[in-house]
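The values are calculated or read from the model by the stated rules, or taken from the named source; none is laboratory data. Given the structure is predicted, the values throughout are model-derived calculations rather than measurements. Note that each Cβ is placed from the backbone with ideal geometry, even for glycine, and that neighbours are counted across all protein chains shown.
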């Protein structure tokens, strides 16, 4: 394996393991900023050693052990040999390579959930919570987060630094809150898990369109949370949404790693077990007797896709109605864009195109690549191939995901061929 190949492998391992490392280290040192620093130290050690020694059989356990040893060294330097040193010393033996399966399957999920409740504390602003989540749990760089929110990288960096300082200064505990405090943070926690799943389902940047392990982690956390608060309908709604969307993960990319759009996926390969679990969770949400919230509505939309044998048999009128309901619960230009697609499928592309054209002046969608992508798709359906080509090229210039960029450029090339006929 060449040096560059080794570094790419280490980068992939880091994206899979970093959230688990930070969560476990936060439980130990009770400081999320310090935990991230310790995890980064372990990564640096791996970058120095693994090119020479080879990648270990259990890289996650290796990183965990290295990070915990760094934590002990830090405690020694800071002369905190008393209670904190004893607490860390007790737990380090758990994280040997021999016991990695027990450790990763035992405590990590709870640690991640505690970390999410910690970073969802109302002492932080929503912007800070989102930035910190994408950084710690999804492994995005500050540059990637900044591009997603169309702000300067320095702004995102400052948000993250201030958020970690605030958590430290306010001494926010690393625990699962109870009672009213848990209820107050629940919507923020759901948003965090939802963001985590979405980043796995459609990666912001990089050479892969999906990150399945991130989806699996988010889904696992959702399932745990559903058992912790079984009377909260939106928790079950979010689980239902993630279950149903996860059923399509294997069909979202071809054998060569190319993106496959929903309309072109082989529905026979959708995971029926995940679909049935999702439908059961949606029913569980409905039986609690509350009006559907945003996650349950999105789950109901995805249930329409999951239950339709073909694209033509999809109940697009119901989907359009559900998007209408969603726009009332959580009005946003992105919901309107999705509603435009549903209306185009239910009543014709011209009506959908009319809604999309109205959204073209929306400032919040100025850098959102799916707006020109959707417009290009609708223009193809009405036969305006040259205009569609320009929209696909514009969308390709906006996305930072390499796989999606290639897909959009291929669609632009197809339009150019059709326009010349």
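Quick notes on this structure:
- Flag if residue 50 is over 27 Å from residue 196 (Cα atoms) and out of contact with any strand residue (DSSP E or B) (no Cβ under 9 Å at 6 or more places or on another chain): yes
- Which numbered condition residue 364 misses (of (1) in contact with a helix residue (DSSP H, G or I) (Cβ under 6 Å, 6 or more places away or on another chain); (2) surrounded by fewer than 16 Cβ atoms within 10 Å (Cβ to Cβ); (3) modelled with pLDDT of 95 or more): (3)
Listed here are the residues, each with its yes/no results for (1) surrounded by fewer than 20 Cβ atoms within 10 Å (Cβ to Cβ); (2) more than 22 Å from residue 369 (Cα to Cα).
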{"site": "165", "(1), (2)": "yes, yes"}
{"site": "182", "(1), (2)": "yes, yes"}
{"site": "189", "(1), (2)": "no, yes"}
{"site": "211", "(1), (2)": "no, no"}
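- Selection from the stretch 309-322 of residues that are without any contact (Cβ under 8 Å) to a residue 24 or more places away in the chain and surrounded by 14 or more Cβ atoms within 10 Å (Cβ to Cβ): 315, 318, 321
- The set of residues in the stretch 302-319 being more than 25 Å from the chain's Cα centre (by Cα) and not in a loop (DSSP other than H, G, I, E, B) consists of 316, 317, 318.
- Counted residues, the stretch 122-172 - those being over 17 Å from residue 191 (Cα atoms), outside any helix (DSSP H, G or I) and modelled with pLDDT of 85 or more: 3
Residues checked against (1) without any contact (Cβ under 8 Å) to a residue 60 or more places away in the chain; (2) in contact with a strand residue (DSSP E or B) (Cβ under 8 Å, 6 or more places away or on another chain); (3) crowded, with 22+ Cβ neighbours inside 10 Å; (4) in a helix (DSSP H, G or I):
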position: 328; (1), (2), (3), (4): yes, no, no, yes
position: 357; (1), (2), (3), (4): yes, no, no, yes
position: 368; (1), (2), (3), (4): yes, no, no, no
position: 387; (1), (2), (3), (4): yes, no, no, yes
position: 391; (1), (2), (3), (4): yes, no, yes, yes
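- Within the set 297, 249, 282, the sole residue that is under 17 Å from residue 194 (Cα atoms) and surrounded by fewer than 21 Cβ atoms within 10 Å (Cβ to Cβ) turns out to be 249.
- Residue among 375, 403 that alone is assigned to a helix (DSSP H, G or I) and crowded, with 20+ Cβ neighbours inside 10 Å: 375
- Flag for residue 186 being modelled with pLDDT of 90 or more and not in a helix (DSSP H, G or I): no
- Matching residues in the stretch 202-242 - criterion: being over 14 Å from the mean Cα position of the chain (by Cα), part of a helix (DSSP H, G or I), in contact (Cβ under 8 Å) with a residue 24 or more places away in the chain and over 17 Å from residue 137 (Cα atoms): 226, 228, 233, 234, 235, 236, 237, 240
- Residue match in the stretch 27-45 (condition: more than 26 Å from the chain's Cα centre (by Cα) and at pLDDT 90 or above): yes
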